[in-house]
Amino acid sequence: MGFPFILTIIVFAPLLGVLLLTLVAKTKEKLIKTVAILSTLPSLFLSIYLIISSKMGVELVSYSGKLSWMQFGNPEVFGKLYSIDYELGVDGFSLILLLLTALLSTLAAFASFQIKAGWKGYYMLFLLLEVGMLGVFAAENLILFFIFFEVTLVATFFLIGKWGLYEKERTAFSLLIYNGMGSAILLVVIMVLFAKTGTANIDALMSILSADDGTVFSSKVKTGLLIALFIAFGIKLPIWPFHSWMVKVHSEAPAAIVMLHAGVLLKIGAYGLIHFGLGFFPKQFESLTLWLAILGVINLLYGAFLALSQQELRKILAYSSISHMGIVLIGLAALNEAGIQGAMFQVVSHGLIAALFFYLIGIFYERYQSTSMADLNGLAKTMPIASGFLLVAGLASLGLPGMSGFVAEFLAFLGLFQEWPVIAVIACLGIILTAVYILRAVLGITFGQQEKAKMVRDMTAFEIWPAIILLLCIVGIGVYPDILSSTLKSIIIGLGG
Amino acid sequence: MDLDTLLSFSWHAMGPEFIILGTATLLSLLDLFLPRSFHRKWLGWLSVASIVAAIVFLLTLIGDTPFAILYDTFRLDSFAIAFKLVLLVAAGFVLLLAISYEPKEKLTEFRGEFFYLFLVALLGAMIMSSSGDLITLFVGLELMTLSSYILVGIRKKHLPSNESAMKYVINGGIATAITLFGMSYLYGVAGTTNLLEMAERLQELTNTQHLFLLALAFLMILVGLSFKIAAAPFHMWTPDVYEGAPIPVTAFLSIISKAAGFILIIRMFITVFYHIPDVSNNSSLLMALQSFLAVLAAVTMIWGNIVALRQTKIKRMLAYSSVAHAGYLLVAVTAFSAFMVETIWFYLTAYLFMTIAVFSLLQLMNIEEVKQLSGLSKRAPLLAVALALTMLGLAGIPGTSGFIGKLNIFLGALSTEPTHYLLAAILIATTVISYIYYFKLIIYAFFREANRTFQMSGKKMNGVIISICVLMTVLLGVFPQLAYDFLHQNFLSFYDFLQ
């Protein structure tokens, strides 16, 4: 066994869990949960191994694996052949996201203990979702990327529609239709690229498109394709005005799924923008940066303002996600080393922070059957440990130095000030607003007065450790950002940052 | 024609047809003379056996150099063999459905008829895929159509069945008349009914007036065949007939009848019209008339998908879904890419398994309304999963054969010059619209609680059919190269029907 299959094992290891679960009776709750958690572990350990060995100097290329998969057209009759290979590979950025996915999946599998019924179906879909997410980041081929992308969509559709809260069906439907449109546009871009260049391999496409002087695609077509990509991934990210589905998902999906949704699935949008938008069409990207910066600021301020007026913790966090994704956009709009690095940091950092928030929300919901601020008031008295974590998560989210959020925002704004100072000044408002809404929510919940005190259990030792792991990662990146930046450096140079 | 000439033909080319014909005759005699007490389902098994025999025979014919018998009216080329395989496999499943079909008022008296009429209709479709002559094409078409009129109305005491048979006869009759009228122009201009000869003669056409006549013929035939494949706006019969007809017959109409329509379109249009030079003399008449096909495809996709949204009865919804799928297939025909025939073959194969699975599910659950699916996942989780996978396949979600088929069509539309951007965009947009109604079934089956229980009526057989079809849908979705390799290895020169 050489290196080439390690990515395949990472991506498809959870599928083994799905197969094992089919053999387990659906009433054996404990066994189902054990199997599910165990089957998220191989991917986690192997991706940690990948990170470590890449730090030791192993070339990432050596992990790439390739098998021939399908071919359209008969090679012996017509010269031209459209072949789609099964190829997996990673670069620095996707490797980090792979690790993030594997980590959050394991933690979310723990958080899913609060699911009350239908464990078997839930965990089977959950593991399928993990396969999809891992595959998205490991795919070296656009079609393969798309397939995994759709797998995540179908899996989340079922997870939300079946195990969500009050408006679960409508939420699942709106997720399906919005993202369905997004993937349709994405598929159009992918297929145009594939049909006209004859390859769907990401690296091959990058070199073809960068060498292209208008013979394959005129620059107008390229701009069109890039805008289509913006819309496709903008729906996922989400970029204002395509955000309404995502607010619904944040407030209606089971908490463990939102951990993955906010932590990983939204990041696919950012990953796609950086990897494909910037990677395939750098010149056209440059000409659109002003619009991107404006959209980023709108996202930032719109999310922050709406978060300010919400009474429901889930909604506050949903709008906070929109606001934080604005920072990814302005980092990309800066299009310099600091900006792009900031955007990538923000992707990882927000993934961790959002996951921590929703891990806590799952715990609150289990005890209070509600996540509205009014019901949670006075948490410091009833659940001191949990409220402590909430406070720390809030501080990380508003960008307190020493936490990962700070590094990301600092870099993104540094980049933006270099390119568009005026916009950057307006965007700074967002930082203030963020502090205001986060503190309003967190302090209100922690120290507010509760009229009728409800006696609840604090977090158990068993529940604490996932939060500690997340917190360690957040602080780790904040204190020693070089962990990430050394892995990201090569790809940023490659993208022309 | 004396006996020596008759014997000089290599009749083995028609082997599969003879098997089907012989069994159909035998069945009709047996049905007549066997006592009432003899259960007619054994006749069904006999017909399934004959289909298996025909498939085996057909497989032995693979690899022969293409040849024609009966003065070039019956051709055995790789195109014919490949599509006959699809027809036979589909017919096998349809017959299995028919064996386990048990309507309320029982079919006892007509059960025998049921089977041999299916075989005769299948025979018509097979002759169509092999014919090299307008006469055989038309005879095949009529053989299939006439048998299916009776099949639709076979529940003689069931009002909707009668109504749909009546509608089908009238619509089908008009369609046939229009097709025949179009063919008569072709004959008039070319002076021959043989397709290849016709292509040769028409190539030397110089009078541009004749070109307009040919274009008219093209449109007439296209309109006539649009009825068969259920393309909008000639699909009006589809929902009513699908709803009224017995389930095996509906499955027959939506797969074999549709496939036969496409076989006819490909055979005739490519053989004849592709070689006729255009008025401007720099492209072929088929290319010049491409825009008509494109409009037909676009209207079919949009109409089928949008109207399907409003349906509350499953069979009507499936009828519009089958209209939509005809639209997708027409995109492949319009694009005319280098791998068009492979694309259509694969799509029909994928569509066959998905459609059989869904009709088998319907027959097993014995339900009509979408609402009745509520609570399926609790009551019969495996059936619910099968339903979900089938719906995902029809919606074209990755991991199923429906996705690969659509991907292939999409690639075809984008890889040709001129590129059909608009058509491709419509294809993808309507696919997203189709998510709404396909997922509606999933939502009812999985997310809604049952308000009343439904009576499962089906037998074990349906379970077997469903498992095979769902398995194939997933298998072809994950390893599509299995099908493509089979195609490329056995039918290397797919276009030998042009020579």
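The values are calculated or read from the model by the stated rules, or taken from the named source; none is laboratory data. Worth saying up front: this structure is predicted, and the values here are computed from it rather than measured. Every residue, glycine among them, receives a Cβ derived from its backbone with ideal geometry; neighbour counts consider all protein chains shown. To get the accessible areas, we keep the full protein, side chains included, count just its heavy atoms, and leave off ligands, DNA and RNA. Shrake-Rupley method; radii C 1.70, N 1.55, O 1.52, S 1.80 Å.
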Residue tally, condition more than 8 Å from chain B (Cβ to nearest Cβ), of a type outside the set (Val, Ile, Thr) and farther than 25 Å from A:Ser83 by Cα, over the stretch A:157-199: 11
Can you find a residue that is outside the structural domain of B:Ala245 (by TED's automatic domain parsing) and in contact with a Lys or Arg (Cβ under 7 Å, 6 or more places away or on another chain) anywhere in the stretch B:341-351? no
Can you pull out the residues in the stretch B:343-378 that are within 14 Å of another protein chain (Cβ to nearest Cβ) and under 15 Å from the mean Cα position of the chain (by Cα)? B:Thr343, B:Ile344, B:Trp345, B:Phe346, B:Tyr347, B:Ala350
Considering only the stretch A:370-410, state which residues are closer than 12 Å to A:Ser349 by Cα, open to solvent by 10 Å² or more (accessible area, probe 1.4 Å) and outside any loop (DSSP other than H, G, I, E, B). A:Phe406, A:Val407, A:Glu409
Could you tell me how many of the residues in the stretch B:274-310 are modelled with pLDDT of 80 or more and open to solvent by less than 10 Å² (accessible area, probe 1.4 Å)? 7
Taking the condition modelled with pLDDT of 90 or more, within 30 Å of A:Leu205 (Cβ to Cβ) and among the β-branched types (Val, Ile, Thr), does A:Ile177 pass? no
Neighbours by Cβ (under 9 Å, 6+ apart or cross-chain): first from the stretch B:351-372, within 16 Å of B:Arg316 (Cβ to Cβ); second among the β-branched types (Val, Ile, Thr) and not in a helix (DSSP H, G or I): B:Glu369/B:Thr312; B:Val370/B:Thr312; B:Lys371/B:Thr312
Could you tell me whether any residue of the stretch A:60-74 is open to solvent by 20 Å² or more (accessible area, probe 1.4 Å), without any contact (Cβ under 8 Å) to a residue 24 or more places away in the chain and touching a Ser or Thr at 6+ places or on another chain (Cβ under 6 Å)? yes
Out of (1) acidic (Asp, Glu); (2) under 29 Å from B:Ala413 (Cα atoms); (3) out of contact with any Pro (no Cβ under 8 Å at 6 or more places or on another chain), what's the single condition that is false for A:Asp91? (2)
When you scan the stretch B:360-473 for helices (runs of 4 or more DSSP H) that lie fully inside it, which ones turn up with 3 or more residues that are modelled with pLDDT of 85 or more? B:381-395, B:401-415, B:421-447
Just checking, which of B:Pro381, B:Pro418 is surrounded by fewer than 21 Cβ atoms within 10 Å (Cβ to Cβ) and more than 10 Å from every other protein chain (Cβ to nearest Cβ)? B:Pro418
Here are the criteria: (1) touching a Leu at 6+ places or on another chain (Cβ under 6 Å); (2) open to solvent by less than 20 Å² (accessible area, probe 1.4 Å); (3) within 12 Å of another protein chain (Cβ to nearest Cβ). Tell me which single one A:Phe137 does not satisfy. (3)
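Suppose we filter A:Leu31, A:Leu23 for residues that are free of Cβ contacts under 8 Å to residues at least 24 places away in the same chain, open to solvent by 60 Å² or more (accessible area, probe 1.4 Å), more than 23 Å from A:Leu103 (Cα to Cα) and not hydroxyl-bearing (Ser, Thr, Tyr); which single one remains?
Step by step, each of A:Leu31, A:Leu23 is checked, and only A:Leu23 is free of Cβ contacts under 8 Å to residues at least 24 places away in the same chain, open to solvent by 60 Å² or more (accessible area, probe 1.4 Å), more than 23 Å from A:Leu103 (Cα to Cα) and not hydroxyl-bearing (Ser, Thr, Tyr).
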From (1) under 21 Å from B:Thr349 (Cα atoms); (2) open to solvent by 30 Å² or more (accessible area, probe 1.4 Å), pick out the condition that doesn't hold for B:Lys440. (1)
Which members of the stretch B:51-69 meet the condition of being of a type outside the set (S, T, N, Q) and under 19 Å from B:Ile20 (Cα atoms)? B:Ile51, B:Val52, B:Ala53, B:Ala54, B:Ile55, B:Val56, B:Phe57, B:Leu58, B:Leu59, B:Leu61, B:Ile62, B:Ile69
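When you look at A:Glu150, is it open to solvent by 10 Å² or more (accessible area, probe 1.4 Å) and facing chain B (nearest Cβ under 9 Å), yes or no?
In short, no.
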Enumerated helices (runs of 4 or more DSSP H) restricted to the stretch A:230-303, each holding at least 3 residues that are within 18 Å of A:Ile316 (Cβ to Cβ): A:244-252, A:255-260
Go through the stretch B:193-214 and report how many residues are open to solvent by 10 Å² or more (accessible area, probe 1.4 Å) and in a helix (DSSP H, G or I). 11
